[in-house]
Structure formats: structure tokens, C-alpha cells
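The next block holds one structure in the form of C-alpha cells; read it before the comments.
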Amino acid sequence: MSDEKKYYPSKAFQEKAYIKSMEEYQKIYDASIKNPEEFWKEVAKDITWFKPYTSVFEWEDKEKYLYSWFKNGKLNVSYNCLDKHLEKNAEKIALIFQGEEESNVKKYTYKQLHLEVSRFANVLKKHGIKKGDRVSIYMPMIPEFLISLLACARIGAIHSVVFAGYSTQTTKERIEFAKSKMLITADGSLRAGKKINFKEEVSKAIEDIKDIEKILVVKNIDIPLTLKENEYIYQEEVKSLDILDTCEPEEMDSEDPLFILFNSGTVEKPKGTLHTNAGYLVYTKETFKYIFNYHQDDVYWCTADIGWITGHSYLVYGPLANAATVLMYEGIPTFPDNETYWRIIEKHKVNIFYTAPTVIRSLMRYGTDPVKKHDLSSLKLLGSVGEPINPEAWVWYYENIGKSNCPIVDTWWQTESGGFLIAPFPGAFPLKPGFATKPFFGIDADVLREDGSKADVNEPGSVVIKKPWPGMMRTIYGEHQKYLDIYISKYPGYYFCGDRGKIDEDGYFFIIGRMDDVIKVSGHRLGSAEIESALVSNKNVGEAAVVPFPHEIKGQALYAFVILRAGINPSEDLVKELREHVAKEIGPIAKPDKIQFVDSLPKTSSGKIIRRILRAIAYDSEDYGDLSTLYNPEVIEKIKSKKI
Ligand code: PRX
């Protein structure tokens, strides 16, 4: 064992853990790798199948990386998240909604949630939505957001959620890409006490999208709302007499699509990650149960927005498939004050709390006084997701929020993976801050060198996964070749996830960060190419390169190097204009923190920007990597001398 400090689960926690020791984990893990089909077959017994599957896993076309999990099986995900629980858990609380206004609390039992989802699904059907249709969803964090996802799943419509923090331009692109027939949105929402008008924003975005036939608007706050033709208020629609309280769940094939979720990558345009029914359900269900060690009386809170994969997998599908009680919060951690999260934990007696390192870092700034005012003794387990957690934040979280009594599960995964890939089994693993630890059952993970050979202990390399797992994305929607090029071709026989990491002498994975041009700002995933293209769409900009730099709260923030067009002079006003321009094009999360105007950028002789040099400059490092292809070496000193 390595000699860093390790944190062990308490005896009491261990006693209630599904997996109690490293030996027990290792035994199951080894068996799951040796015979994944047998392993997943056992797990799939927990799912209600309308018709049984004929094989657990089968390659359809290995060249094209096409395969089936639970081939020919028929099921419905919403049935497995709701109806299945009605026998034993009808009166159990499924969802606790806490609004930004403290008194705004709504609780739904499984029976009530089942009713709401059925009605919502009937409204969709009434408006012509059928199995296989795409439905875009652009919603604030209100119960109808979760309900709309399940309603789509119930009738076999493919939901495509667009995070509501994106600009109208980005939203438009994503709706167009999915070729959605309907858009579900809300009139507006409260954000830090301010009323935000959603409907108006999103209407602008879709003005000239031909595919959208109808807009369904959930009335949420008191703001003026004007409806045009083919726009409907959900609450009015659901009152109509022909909307029944029951809705037969559609029989879906295991490999039918469940949803599309866009994410940023190395290419300019967003990629629509496609997930399917059975594998995704099985995988999120199983990972949720084991990694959060979920037991039937636990109240679980995931702070992620449903607009991201964390919300899809671990606020909606994973927990509900386990008949869990999920808490959903409408607001942000620092409004009305910096005690908000701790107040909510105390009020709703949260047992499992899952958040992002950026949230922990932003709350750490206020010290421990706000924390001490609240009784957090209900907590049993803490979680972290979205970006590497720095050891200082980990220890603060452990000591002050978990009172040195709650394991922290640092869960490493991606939009593409559907669920956790590497994360601690909390009752079994000694924890080391910053380490995501070991792979989940059935995940054959490794670290490889550039030439495909296995990296040594502690040697950084590419994190890869051998063989598909049930929750793995099946393709980039409509662009299978791109999927192969990005994820599959780089290391034949492996899925390449784009992260750099290493494995230490304990076999623990340490994730260092992205090795491509994806930048994680406050856990949000942004592609440098997207931001660069937003910058050059401004009339003053000739060329731009965007790289990350370390940021105390956000983890990483954006540093833009910009070449202005001839005759345009740099100024503070122009910096402001460009920041606003990016916010308008992509969304406020993509605003560069630093903009440096430069005369030239480091390039190869063929004109390709060498971003790693800019990244080193932004990180105050001299580690530029190989400079032999750099065409204009003088540029390094020039840029450095004016670094912000
Ligand atoms: O770089 C890794 C980082 O987030 C990327 C995936 O981003 P996204 O698709 O937006 O999904 C975020 C929620 C799962 C990964 O490639 N990442 C995610 N979790 C961790 C992490 N990096 C280090 N540690 C983590 N726990």
C-alpha cells in the first residue's frame, strides 16, 4: 500500500455496506471481467422485462463498434422507475422538491409521480408525439422537468435536453441537430430572486426551426406570457377531459434510443450523445445502488441540473429505478445566503449528498461558521463529480461537512459513459483524496502510453476502457463515423475517453484532466473550438485560441488569445464586448476570464495552432512539449511578456 494518508469507513458504515471489503470487491470485480455476460445477466434480473432478451451482449458489427446489450428484450424505463414500485412503495416519497423560496416545497409519492408522469405522457400523445419522435426540453429545475423526461420515456419519445443556461444560439443549434418535433419549456423561473423569462428566450431561438411543430409551456411563475399559434400551456392541456390518469407504457426494444444529450468536444459543433433503453437503465440502477450504498430509508440529494448527464443519470433514472427518495433544488448554493445547502440538508434530513468540487470550493471560501449553524448529522455519505477534486477541498468536505464520519465517493465518468466508470465502493475502500480509486464491476479500465503499450505504475497516460459496458453511448446521433474517429479508432480495441490519468501502486486511478481541447469550467464541459468560433464570429476578431488556466473556485477558467482584424485597436471596452459576445453566442458559462490581444499565435508550418504551448503559458509553466514543429518560436516570449 502507498504511504499517503488514507481514510477508512467507520465500522457502522461498513456494516450496512453492500460491499464490505476490498477482497469482496475484488472477487466480484474479477468475475465480472472474466465473464461480463454472466455478471450483467444476474443484474438484469432486477429489471421488469415485458419480453425476455435473447442474449446479454452481442457484437453486431465489430468494425463499426455496433453491438447489442440485452438483445430483443422489451421493456419500458418509466415503468421500471415508477409502476414497478407501486406494489411496495406507492406511498414512499419519490421526489422532494425544494424551491428557491423556502416555503415552496412539494413532495410526490411514487403513486403521485406515476400519476403526474402518466398525465404528462397523455398530453404529449394528444399533441401527436409518438415512439421515436424527438422532443427537446429546455426547463428550469422544477418537478415538471423530471416528469417530462419520464413522460417521454413512457411513450418512447427520445428526449433531448438543452441546459437552460445556454444562449439562444446554442439552444437553436441543439434543437436543430436533434430535429425535434416538440419543445417543452416553462414560462420562466426564479434565479437568485430574479424572474427569468424562459419562454421568450427560447421562442427567439426556435423562430425559424421548421421541425418544431408545437411548444408546450409549463406555467411556473407569475410573469406575462403570450402564446402564438401551436403553443400551449401544459396546465390547461392536462385539465382537458380527454387526458386520462393512466398511460400504458410503450414496449421499447432494449436498443431503442432513450435520449440524446449534447456535449462539447474537440470539434466545433456539439455532439449528440445517444443512449439506449435497457443498458442505460441497468447500468445507472446498479451503479447508483452500490456507489451511493443506497438503502430504502435514505434521502438522497444530487445538486446537478437535469440539463447535464449527472442530472439524467443520478437525479432521475438511477435513483428512481432504485425506488429512492430524491431531493431536487431549484436554486443556487449562494442564494439567499451561503448557508442554503446546509440549511436544506438539515431541513430535509439528507443522508447522501452529491455535488461538484466547484460548489465545495465556492462554499469553502466562507469558512466553517455557516456550516456550524446547521445540524448535518443526518449525512452518511458524500459524493463529488464533474472534475478532479483537489485534496484541500476533499479534506475540507470530509472534515466539515461529513464531520470525518462520511466516506466521499469521487465518481469519475462522462456524458458518454452513462454512469460511473471509476468510483469508490464506500464501505470497502480506504480513500485517498483526489483518487477516483477503482473501476466499477464490468469496467476493464487501463492507462496506456501514446503507442498503445501499458503505462507503468504512476506513469501518466490515456485512460481507456476495454469492451463496451451496458451504459455506454451507442453513437453520436447521426454521425457514427465521427463517433468512431473520436472514441474508438485511437486505441484499437479500447474506448478512448479523452482523459489523462495514472494508476498508483494500490491500483487506484488518479484522473489528471482532459488531454484534448475540452475545458472544464466549474465542472461544465466546454470545447475550445466552440468558444474560438464564437470569438471569431465577432466582426473585430481575426483569429482566436482558447485554453484553460487554473482557477481557485472554478477549477479551470478560460484564457483567450485573440488576434484583432487589421485596423482594430485593443481596448478594455473591446474585452467587455467580446466577453458579452461569447455569452450571447454560447452562454454566460463560456465567458473567457482573460482575453489577451496578440499579434500572432504559435503555429506549425501548415498553420495549425499549437494550443499546448498557450496552455503552458496560461499555467505559468515552461513545459511546452515538443517544439520541433513550431514554425514561429519567437512568439512564445512575445506572448509571455504580455501575459495577464
Ligand atoms: O475530464 C473528466 C471530468 O469530466 C469529463 C466528463 O464531462 P461530462 O461529460 O460533462 O460529464 C460530467 C459528469 C460525469 C471527464 O472526461 N470528470 C468527471 N468526473 C470527474 C472528472 N475528472 C476527475 N474526477 C472526476 N470525479
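Compared with the alpha-carbon gap, the fully stretched path from T246 to I488 is longer by 82.8 nm at 0.36 nm per residue. Once the 1.4 Å probe is applied to the protein heavy atoms, the chain comes out at 39 Å² accessible per residue. Within the assembled protein chains, the solvent-accessible surface assigned to K5 is about 130 Å², based on a 1.4 Å probe.
Of all DSSP beta bridges confined to the chain, the antiparallel ones make up roughly 60%. Between beta-carbons, use under 12 Å as the cut-off and find the net charge around E91, counting Lys and Arg +1, Asp and Glu -1. Every neighbour counted, the sum reads +3. In terms of packing, defined here as the mean over residues of other Cβ atoms within 10 angstrom, the peptides 237-243, 253-259 line up highest first as 253-259, 237-243. Once you sort the root eigenvalues of the Cα gyration tensor of segment 102-253 as a ≥ b ≥ c, which label holds: rounded (a/c under 1.5), prolate (a/b larger than b/c) or oblate (the other case)? Verdict is oblate for segment 102-253. Between the amide H of I233 and those of V217, distances stay under 5 Å, these residues lying 5 or more places away or on another chain, with hydrogens modeled in the peptide plane. Residues in segment 402-417 carry Karplus couplings, in order, of x, 6, 6, 10, 10, x, 10, 9, 8, 9, 9, 6, 8, 3, 5, 8 Hz; the curve used is 6.51 cos²θ - 1.76 cosθ + 1.60 with θ = phi - 60°, and Gly or Pro positions show x. For A544, the residues 5 or more places off, or on other chains, whose built amide H falls under 5 Å of its own are I563. I'd like the FRET efficiency for S571 and F335, computed as 1/(1 + (r/R0)^6) with the beta carbon distance as r and R0 of 30 Å, rounded to 0.05. E between S571 and F335, to the nearest 0.05, is 0.35.
Between amide H atoms placed 1.01 Å from N, distances below 5 Å from G523 occur with Q556, all of them 5 or more places distant or on a separate chain.
Per-residue extension of 0.36 nm, minus the Cα-Cα distance of K373 and E91, leaves a gain of 98.2 nm for this segment. The mean sequence separation of alpha-carbon pairs under 8 Å and at least six residues apart, normalised by the residue count of segment 102-253, gives a relative contact order of 26 percent.
By definition, a body whose alpha carbon gyration tensor gives a ≥ b ≥ c is oblate when a/c is 1.5 or more and a/b is not larger than b/c, and segment 518-641 fits this oblate description. Summing +1 for each Lys or Arg and -1 for each Asp or Glu among the other residues whose beta-carbon sits under 14 angstrom from that of Q112 gives 0. Once the other residues with Cβ under 14 Å from the Cβ of D298 are scored (Lys, Arg +1; Asp, Glu -1), what is the net sum? Overall, the nearby charge balance is +4.
Residue by residue, segment 377-389 carries 3J(HN,Hα) couplings of 5, 6, 5, 10, 8, 10, x, 9, 7, x, 6, x, 9 Hz when phi is fed to the Karplus relation 6.51 cos²θ - 1.76 cosθ + 1.60 (θ = phi - 60°); x denotes Gly or Pro. Based on Cα contacts under 8 Å between residues 6+ apart, segment 483-629 shows a relative contact order of 16 percent. Across the chain, Cα pairs under 8 Å and at least six residues apart give a relative contact order of 13 percent.
Once the C-beta distance of E634 and E200 is scaled by a Förster radius of 51 Å, the resulting FRET efficiency is 0.50 to the nearest 0.05.
Shape analysis of the chain places it in the rounded category; the axes a ≥ b ≥ c from the Cα gyration tensor give an a/c below 1.5. Taking the average, over residues, of other Cβ atoms within 10 Å as the packing measure, peptides 556-564, 285-293, 608-616 rank 285-293, 556-564, 608-616 from highest down. Computed from the C-beta positions of D620 and N230, the FRET efficiency with R₀ = 51 Å rounds to 0.40. As a rough guide to protection, the peptides 407-416, 20-29 ranked by mean Cβ packing within 10 Å, highest first, stand as 407-416, 20-29. Share of carbon and sulfur in the accessible area of segment 548-644 stands at 50%, probe radius 1.4 Å. Only helices enter this figure: runs of n ≥ 4 DSSP H residues, each worth -39500 (n - 2.57), summed and divided by the residues of the chain, yield -7500 deg cm²/dmol at 222 nm to the nearest 500.
The values are calculated or read from the model by the stated rules, or taken from the named source; none is laboratory data. Because the structure is predicted, anything quoted here is derived from the model rather than measured. All Cβ positions, even for glycine, are placed from backbone atoms using ideal geometry, and neighbour counts span all protein chains on display. Keep in mind that these areas ignore ligands, DNA and RNA; they rest on the heavy atoms of the full protein, side chains included. Shrake-Rupley method; radii C 1.70, N 1.55, O 1.52, S 1.80 Å.
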